[in-house]
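Trainee: Got a structure for you, written out below as structure tokens; questions coming shortly.
Read the figures in this text as sums done on the coordinates, not as results from a lab. On a predicted model such as this, the values are computed, not experimentally measured, just so you know. Don't worry about glycine lacking a Cβ; one is built from the backbone with ideal geometry, like all the others, and counts go over all protein chains shown.
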Amino acid sequence: MALNKIFRAVIMGPPGSGKGTVSARITKTFGLKHISSGDILRANINAKTELGLLTKSCIDQGQLVPDDVMSRLILSDLRGLDSWLLDGFPRTVSQADALDEACSVDTVINLNVPFQTIKQRLTSRWTHLPSGRVYNTDFNPPKVPGFDDVTGEPLVQRDDDTPETVTRRLKAYETQTEPVLEYYRSKGVLQTFSGTETNKIWPHVEVFLHRKLSFVKEQVA
Ligand code: ATP
Ligand code: MG
């Protein structure tokens, strides 16, 4: 399906709720450009850029990168793009305010997955860093253990996917990111999808976006 109208979406949910996987499917089905703050930060850490060096210890400790750094980084990436799917930003009310000053958001997809499920998932997760593709040794293993299905390149376990750091990331989510859900709920753009399996959540997201996008098109027609 080709997109012929400006459409700006944010995907939210606790760490490991399936944002990356659902985003990849949205990109494939609807052609929205995926912008993942976590993937951008990890690419910078990998390439040892100034930004990467500055943010690595924050990320490894499961803490959030300062708002001004994040907002400047992501807003400059959005410049020049009409439509997008933001993943991992905004993560604080201050970031949501910064985004709101720059442009409006059409819809916010909230993946509501129990913390219990998440803890199990993250500690058995393997990531292909260049693409952000994720695998899970329990329920979604790569074809060849330790290697990406598409490129054949090695998979790694993220430094922040250890049990202690996962606990800290969930805490940061509760205190700093949950208020952002309220922020978007009060604007009337929040759509919540609950479940424990991405494959069961995805069809609902897909139906929702199909409706939403055909409605957007009718409005301009
Ligand atoms: P997932 O593991 O599903 O990708 P996550 O939300 O924990 O979920 P990322 O989005 O990849 O992971 O982010 C990893 C880390 O990067 C965060 O724990 C945080 O330290 C930092 N980070 C990413 N986005 C932001 C942001 N918008 N504001 C502050 N810190 C951020
Ligand atoms: Mg992610």
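Trainee: By how many nm would the segment from L81 to V69 grow when fully extended, if each residue of separation counts as 0.36 nm and the alpha-carbon distance is taken off?
Mentor: Between L81 and V69, full extension yields an extra 2.3 nm.
Trainee: If we count other beta carbons within 10 Å of each Cβ, what is the order of V144, V205, fewest first? List each step's numbers first, then the result.
Mentor: Values: V144 10, V205 20.
Fewest-to-most ranking of V144, V205: V144, V205.
Trainee: Quick test of the membrane-span-like rule: which DSSP H helices of the chain reach at least 20 Å along their long axis (C-alpha atoms) with mean Kyte hydropathy at least -0.5?
Mentor: Span-like helices here: 198-220.
Trainee: Also: Would you mind checking the pairs K28/K171; K19/K187; K5/K171; K33/K200; K56/K119; K119/K200 and listing those with alpha carbons more than 26 angstrom apart? Could you put the intermediate results ahead of the total?
Mentor: Numbers: K28/K171 32 Å; K19/K187 22 Å; K5/K171 37 Å; K33/K200 23 Å; K56/K119 22 Å; K119/K200 19 Å.
Checking Cα-Cα distances, K28/K171; K5/K171 exceed 26 Å.
Trainee: Also, I was wondering about something else. Label segment 76-183 by shape, choosing from rounded, prolate and oblate, from the square roots a ≥ b ≥ c of the eigenvalues of the Cα gyration tensor; if a/c is under 1.5 it is rounded, and otherwise prolate applies when a/b is larger than b/c, oblate when it is not. Provide the component values of the computation, followed by the final result.
Mentor: Values: a/c = 2.52, a/b = 1.46, b/c = 1.72.
It comes out oblate by the Cα gyration axes.
Trainee: Please give, to one decimal in nm, the separation of the simple spin-label points placed at N46 and E174, each 7 Å out from Cα toward the Cβ.
Mentor: The modelled label-to-label distance comes out at 3.3 nm.
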